[in-house]
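A.B. asks: Below is the structure I would like to discuss, written out as structure tokens.
The values are calculated or read from the model by the stated rules, or taken from the named source; none is laboratory data. Source: prediction; values computed, not measured. With ideal geometry, Cβ positions are generated from the backbone for all residues, glycine too; neighbour counts draw on all protein chains shown.
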Amino acid sequence: MSVVDPGNIECDLQSGALAGFKLLWVLLLATIVGVLLQTLAARLGVVTGLHLAEVCYRQYPRVARILLWLMVELAIIGVDMQEVIGSAIAINLLSAGRIPLWGGVLITIADTFAFLLLDNYGLRKLEAFFGFIITVMALTFGYEYVTVKPSQTQILRGMFLPSCSDCHTPQIMQAVAIVGAIIMPHNIYLHSALVKSRHIDRAKRQEVREANKYFLIDCCIALFISFIINTCVISVFAEAFFEKTNEQVVAVCKNSSSAHIHLFPDDNSTLAVDIYKGGVVLGCYFGPAALYIWAVGILAAGQSSTMTGTYSGQFVMEGFLNLKWSRFARVSLTRSIAIIPALLVAVFQDVEHLTGLNDILNVLQSLQLPFALIPILTYTSLRPVMNEFANGLVGNVSLHWACPSWTLDTHAYEPISLMDGGVSAIEGYEK
């Protein structure tokens, strides 16, 4: 499961509006790194039969693993908040403002229960529904791309000629946010756990190699689709709204009889957009259909992030704490933590403050990355853990550069690979 969530979309549109096509190369590199990290996570699960949080529980001391758990939970709650904010805004846009933002926040509570109900029908049906949501996102954001018709030359230049020499602080912050929005920490934990839904005879090397190959292909396809969606959003806003002024937008919105003109000051300042204003300006420039299709895409993105956040949180809690909570109880707790601040802002402030939370949360994802990078690089580089499937030279160089020295004492690690007499990760397994 690779996901494009509302925070990801917010980051994309602001990157396009603030920096034009200049940050597409950051998106490309972040996607490539995301493929590598999620492949390592899947390989860890395939070889050991344990997901990353379970390996951390076995190998790290108590204080370290609790710290890691808290950091990952913080990242998951941040994604939950972005899903709540994005869904509330999408519902408000689709209802032409009839459903207030606080009402949209409350409606997102139903998302959780609907998801848990669907989960009872099995993982395969859930994956099919997830595929449907991704298709909806691809079609909606693809429609915006075809409607706006961004310059293909500018896209290729921005993607393959890295340059941001004249970038200022806002553009640099957006580059950092792109990294966190693409390589979300909890997704690394999630991908190490999803492989456990497939039956693999880990005592057979050839079967393990084949599983690693197919999970690599699956990861590449998922992140390629994510990359296309992200590219569409950045390109649309880079082409249509880069260096636009509020005065220009107000003039266009007046001509289209938009009811949202009050959102933009009638002056010559540079246009600032977010998920809400992004939909409004698309509607002003390209017709009401563009606004409603945009809102459908945001709503679909919110639902997909609900699924990944729920599964990630369940695996992380069970792994780090060896604590068996029902999925309903765990999701109810984290979703409540996410909904309360979003609801307070929606009730007592306006939409600009609500969407402003997304900027903070995107940077938060980037700050949380080391708490997923260090464990995955550590364990996939150690032969006692991974046996012959341990990382090669490049992985070990990255490990020594990224990880503190106390994580690198290989004698301190319990052998958990199922190869060559390692400790079984599956209850009842005997070599």
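A.B. asks: Taking Glu54, is it farther than 20 Å from Gly297 by Cα, in a helix (DSSP H, G or I), in contact (Cβ under 8 Å) with a residue 24 or more places away in the chain and not small (Gly, Ala, Ser)?
C.D. replies: yes
A.B. asks: Just one of (1) farther than 30 Å from Asp80 by Cβ; (2) touching a residue at least 12 places away in the same chain (Cβ under 8 Å); (3) of a type in the set (Gly, Ala, Ser) trips up Ala177, so point out which.
C.D. replies: Of everything listed in (1) farther than 30 Å from Asp80 by Cβ; (2) touching a residue at least 12 places away in the same chain (Cβ under 8 Å); (3) of a type in the set (Gly, Ala, Ser), Ala177 misses just condition (1).
A.B. asks: So which residues in segment 204-223 are under 19 Å from Leu27 (Cα atoms), touching a helix residue (DSSP H, G or I) at 6+ places or on another chain (Cβ under 8 Å) and surrounded by fewer than 18 Cβ atoms within 10 Å (Cβ to Cβ)?
C.D. replies: The one that is under 19 Å from Leu27 (Cα atoms), touching a helix residue (DSSP H, G or I) at 6+ places or on another chain (Cβ under 8 Å) and surrounded by fewer than 18 Cβ atoms within 10 Å (Cβ to Cβ): Cys220.
A.B. asks: Scan segment 246-285 for residues that are among the hydrophobic types (A, V, I, L, M, F, W, C) and within 28 Å of the chain's Cα centre (by Cα) and jot them down.
C.D. replies: Leu271, Ala272, Val273, Ile275, Val280, Val281, Leu282
A.B. asks: I'd like the full set of residues that are more than 23 Å from the chain's Cα centre (by Cα), in contact (Cβ under 8 Å) with a residue 40 or more places away in the chain and either assigned to a helix (DSSP H, G or I) or surrounded by fewer than 16 Cβ atoms within 10 Å (Cβ to Cβ) (or both), limited to segment 122-159.
C.D. replies: Thr147, Val148, Lys149, Ser151, Gln154, Arg157
A.B. asks: Quick check: anything in segment 281-290 among the β-branched types (Val, Ile, Thr), farther than 22 Å from Ile183 by Cα and surrounded by fewer than 22 Cβ atoms within 10 Å (Cβ to Cβ)?
C.D. replies: No, there is no match, as no residue in segment 281-290 is among the β-branched types (Val, Ile, Thr), farther than 22 Å from Ile183 by Cα and surrounded by fewer than 22 Cβ atoms within 10 Å (Cβ to Cβ).
A.B. asks: Right, something else. Could you tell me which numbered condition Ile9 fails, if it satisfies all but one of (1) at pLDDT 85 or above; (2) surrounded by fewer than 24 Cβ atoms within 10 Å (Cβ to Cβ)?
C.D. replies: All conditions are met except number (2).
A.B. asks: Filter segment 165-184 down to residues that are out of contact with any Ser or Thr (no Cβ under 9 Å at 6 or more places or on another chain) and in a helix (DSSP H, G or I), then give me how many there are.
C.D. replies: 4
A.B. asks: Hey, could you check segment 2-47 for residues that are within 15 Å of the chain's Cα centre (by Cα) and among the polar types (S, T, N, Q) and say which is nearest to Ala181 (Cα to Cα)?
C.D. replies: The qualifying residue nearest to Ala181 (Cα to Cα) is Asn8.
A.B. asks: Looking for something in a helix (DSSP H, G or I) and closer than 24 Å to Leu321 by Cβ - is there at least one such residue anywhere in segment 23-38?
C.D. replies: Checked segment 23-38: at least one residue is in a helix (DSSP H, G or I) and closer than 24 Å to Leu321 by Cβ.
A.B. asks: Looking at Asp201 and the list (1) loosely packed, with under 13 Cβ neighbours inside 10 Å; (2) at pLDDT 85 or above, which single condition is not satisfied?
C.D. replies: Evaluating Asp201 over (1) loosely packed, with under 13 Cβ neighbours inside 10 Å; (2) at pLDDT 85 or above leaves (2) as the failure.
A.B. asks: Considering Lys196, Lys244, Lys254, Lys149, which residue is closer than 24 Å to Leu369 by Cα and of a type in the set (Lys, Arg)?
C.D. replies: Working: Lys244 fails: closer than 24 Å to Leu369 by Cα; Lys254 fails: closer than 24 Å to Leu369 by Cα; Lys149 fails: closer than 24 Å to Leu369 by Cα.
Of Lys196, Lys244, Lys254, Lys149, the one residue that is closer than 24 Å to Leu369 by Cα and of a type in the set (Lys, Arg) is Lys196.
A.B. asks: Considering Val233, Val195, which residue is among the aliphatic types (A, V, I, L, M) and either over 21 Å from Tyr311 (Cα atoms) or in contact with a Pro (Cβ under 6 Å, 6 or more places away or on another chain) (or both)?
C.D. replies: Val233
Each row is one residue, and each column tells you yes or no for (1) within 23 Å of Phe371 (Cα to Cα); (2) more than 18 Å from the chain's Cα centre (by Cα).
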position	(1), (2)
Ser163	no, yes
Cys167	no, yes
Ile172	yes, yes
Pro185	yes, no
His191	yes, no
Arg205	no, yes
Ile221	no, no
Ile229	no, no
Ser235	no, yes
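A.B. asks: Against the conditions (1) in a helix (DSSP H, G or I); (2) at pLDDT 85 or above; (3) surrounded by 13 or more Cβ atoms within 10 Å (Cβ to Cβ), where does Pro162 fall short? Just the number, please.
C.D. replies: Single failed check for Pro162: (1).
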